Amino acid sequence: MISFFVNDKPHSIDAAPDTPLLWVLRDNLGLTGTKYSCGVALCGACTVHLNGAPVRSCMTPISAAAGQKITTIEGAKSKAVKALQDAWVKLDVPQCGYCQSGQIMSAAALLARNPHPTDADIDAALDGNLCRCATYQRIRAAVHQAARSMKG
């Protein structure tokens, strides 16, 4: 039995220790906002926060989450996430939308540690998040918009 917190709620799962966190979130807990895409931590669609740091849930074994705090897009309610979601809508960022939860989780982690990111900071922080629709310019603009809106 592995116990952990997801979106501030305690959970215990009887699963093999090497079960990917992504499958536990989606299949056991029904949190489908975190997406499966590449399955090898190359695209970032499955990004969640583990104790506030972005991780690829497709390659994170559930054993690594034991006793830890996991935040998914469903439970992400920080000021940065709210600012990012508002900017995403205002700037019409998504096209197909599949990668967006991972993009927002990575961007929120960036804004939590760097509230005034440069283009280079944004590009580096979101480098591992792929958007097959290539909305990178709008994603970068939305991160800047969110950072500005968080100032006041």
Accessible area of VAL89 in the full protein assembly, 1.4 Å probe (Å², nearest 10) = 120
For the chain, with the dipole built from +1 on Lys and Arg beta-carbon atoms and -1 on Asp and Glu ones, taken about the Cα centre, which of GLN68, THR135, SER3 lies farthest toward the positive end?
-> THR135
How much of the accessible area of the range 2-71, in percent, comes from carbon and sulfur atoms when a 1.4 Å probe is used?
-> 53
In the Gaussian network model of the chain, springs joining C-alpha atoms below 10 Å, which of GLY44, GLY75, GLY33 carries the largest mean-square fluctuation?
-> GLY75
The percentage of the accessible area of the range 79-151 (probe 1.4 Å, all protein chains present) made up of carbon and sulfur atoms, to the nearest whole number, is 54
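If you count only protein heavy atoms with a 1.4 Å probe, what accessible area per residue comes out for the range 59-136, rounded to a whole Å²? Please report the intermediate quantities before stating the final value.
Working: 3840 Å² over 78 residues.
Result: 49 Å² per residue.
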Measure nothing but the geometry: give the 0 to 90° angle between the long axis through the Cα atoms of 136-151 and the longest principal axis through the Cα atoms of the chain, rounded to 10°.
-> 90
With DNA, RNA and ligands ignored, accessible area of ASP18 (1.4 Å probe; Å², nearest 10) | 120
Structure-based [θ]222 nm, the chain - -39500 (n - 2.57) summed over DSSP H runs of at least 4, per residue, nearest 500 | -10000 deg cm²/dmol
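So how many Å³ per residue does the convex hull of the Cα atoms of the range 79-151 work out to? Write out the running numbers ahead of the final one.
On the way: hull volume 5.1 nm³, N = 73.
In the range 79-151, the Cα hull volume divided by residue count equals 70 Å³.
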Express in Å², to the nearest 10, the accessible area of LEU42 obtained by rolling a 1.4 Å probe over the protein heavy atoms while all chains stay in place.
-> 120
Compare SER3, SER57 by solvent-accessible area with a 1.4 Å probe and give them largest first, with all protein chains kept in place.
-> SER3, SER57
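The values are calculated or read from the model by the stated rules, or taken from the named source; none is laboratory data. Since the structure is predicted, the reported quantities are computational estimates derived from the model, not experimental observations. Positions of Cβ are backbone-derived with ideal geometry, glycine not excepted, and every protein chain shown enters the neighbour counts. With ligands, DNA and RNA removed, areas are computed over all heavy atoms of the protein, side chains included. Shrake-Rupley method; radii C 1.70, N 1.55, O 1.52, S 1.80 Å.
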